[in-house]
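Everything on this sheet refers to the single structure shown next.
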Amino acid sequence: MGRCNKGIFIVLLSLAVVYIAATGVAAESYELTENDVSDISKVNTPDVSLFGIKLGDPEDKVKEKLIKIKIPGVKVEIQDVFVMLYDKRTLSNAMAGVRLTDGKVDYIFINQRFAHLAAGVFRLVLRGDSVDDARRLLGKEDSADDQTTFTRLNYKGGTLIVVFSGRDITVEFNPA
C-alpha cells in the first residue's frame, strides 16, 4: 500500500507542476485595440499585440495578419525593416508599426495618431497632454531620460517606453 500511495503522490505532484507551468505559459494577451486594462502591472510586454502581432512573432505571421488582410481604416506600407500602419483619413505619418529583425518582430510602436484605435490605459496615455499625465496613468517610471528635445520614460525594465517629443507621444514595446 505504501508503494501505491507514493506513486499516486508522484502523479499528483507531476500534474500540479504541469498545471502551474501551463498557466504561466498561457499568460493573457493584451491586444492594444481591444483590451481595456487600466493597470500596466497586469500587462506583460511580450504579451502585447498589435492587430494580433506580438514581439517574437515570425515574418510570415506579420505578412498574414498585417500585410495580406485588409484592416478597416488602416493603410499598410513596408519600409525597409518596418511594417508601418497609417490612418487612411490622414496619411501624413504612421500611427503604429512593427520592426522585423532576423525574420522576427523585435519592436512595436504606437503613437497619438493611434489613440482612436487604442484601448485601456494606452488610449489615455496617447491622448494625454504631458509627461505628468503619463506618470499619473502609468505610475512612477523605472528611469527617465530628459533631453532638450524629448523625454523618455522607461517602464518594466525598458521593455515599455513612453517618449514625449514636442507634441508627439510614442509608446514603444521592446523585448526583454
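The values are calculated or read from the model by the stated rules, or taken from the named source; none is laboratory data. Quick caveat: nothing in here was measured; it's all calculated off a predicted structure. With ideal geometry, Cβ positions are generated from the backbone for all residues, glycine too; neighbour counts draw on all protein chains shown.
Quick look at the values:
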item	result
Wholly within the stretch 129-176, strands (runs of 3 or more DSSP E) carrying at least 3 residues that are more than 19 Å from the chain's Cα centre (by Cα), under 18 Å from V37 (Cα atoms) and without any contact (Cβ under 8 Å) to a residue 12 or more places away in the chain	none
Residue in the stretch 3-21 that is in contact with a Ser or Thr (Cβ under 9 Å, 6 or more places away or on another chain) and either outside any strand (DSSP E or B) or modelled with pLDDT of 95 or more (or both) present	no
Restricting the stretch 84-109 to residues that are polar (S, T, N, Q) and touching a helix residue (DSSP H, G or I) at 6+ places or on another chain (Cβ under 9 Å), the residue that is surrounded by the most Cβ atoms within 10 Å (Cβ to Cβ)	N93
Odd one out for Q112 among (1) polar (S, T, N, Q); (2) under 29 Å from E141 (Cβ atoms); (3) exposed (fewer than 15 other Cβ atoms within 10 Å of the Cβ)	(3)
Test: residue in the stretch 128-146 that is of a type in the set (V, I, T) and at pLDDT 95 or above	no
Whichever residue in the stretch 36-83 is part of a loop (DSSP other than H, G, I, E, B) and small (G, A, S) and, among such residues, is surrounded by the fewest Cβ atoms within 10 Å (Cβ to Cβ)	S38
Test result for E31, exposed (fewer than 14 other Cβ atoms within 10 Å of the Cβ), at pLDDT 85 or above and of a type outside the set (A, V, I, L, M, F, W, C)	no
All positions within the stretch 84-96 that are among the hydrophobic types (A, V, I, L, M, F, W, C), over 13 Å from D168 (Cβ atoms) and in a loop (DSSP other than H, G, I, E, B)	L91
Test: F122 is in contact (Cβ under 8 Å) with a residue 40 or more places away in the chain, closer than 24 Å to Y86 by Cα and assigned to a helix (DSSP H, G or I)	yes
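Conditions tested, residue by residue: (1) under 14 Å from the mean Cα position of the chain (by Cα); (2) modelled with pLDDT of 95 or more; (3) of a type in the set (S, T, N, Q).
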{"residue": "I53", "(1), (2), (3)": "yes, yes, no"}
{"residue": "D57", "(1), (2), (3)": "yes, yes, no"}
{"residue": "L66", "(1), (2), (3)": "no, no, no"}
{"residue": "P72", "(1), (2), (3)": "no, no, no"}
{"residue": "V83", "(1), (2), (3)": "no, yes, no"}
{"residue": "K88", "(1), (2), (3)": "no, no, no"}
{"residue": "S92", "(1), (2), (3)": "no, no, yes"}
{"residue": "T101", "(1), (2), (3)": "no, yes, yes"}
{"residue": "V105", "(1), (2), (3)": "yes, yes, no"}
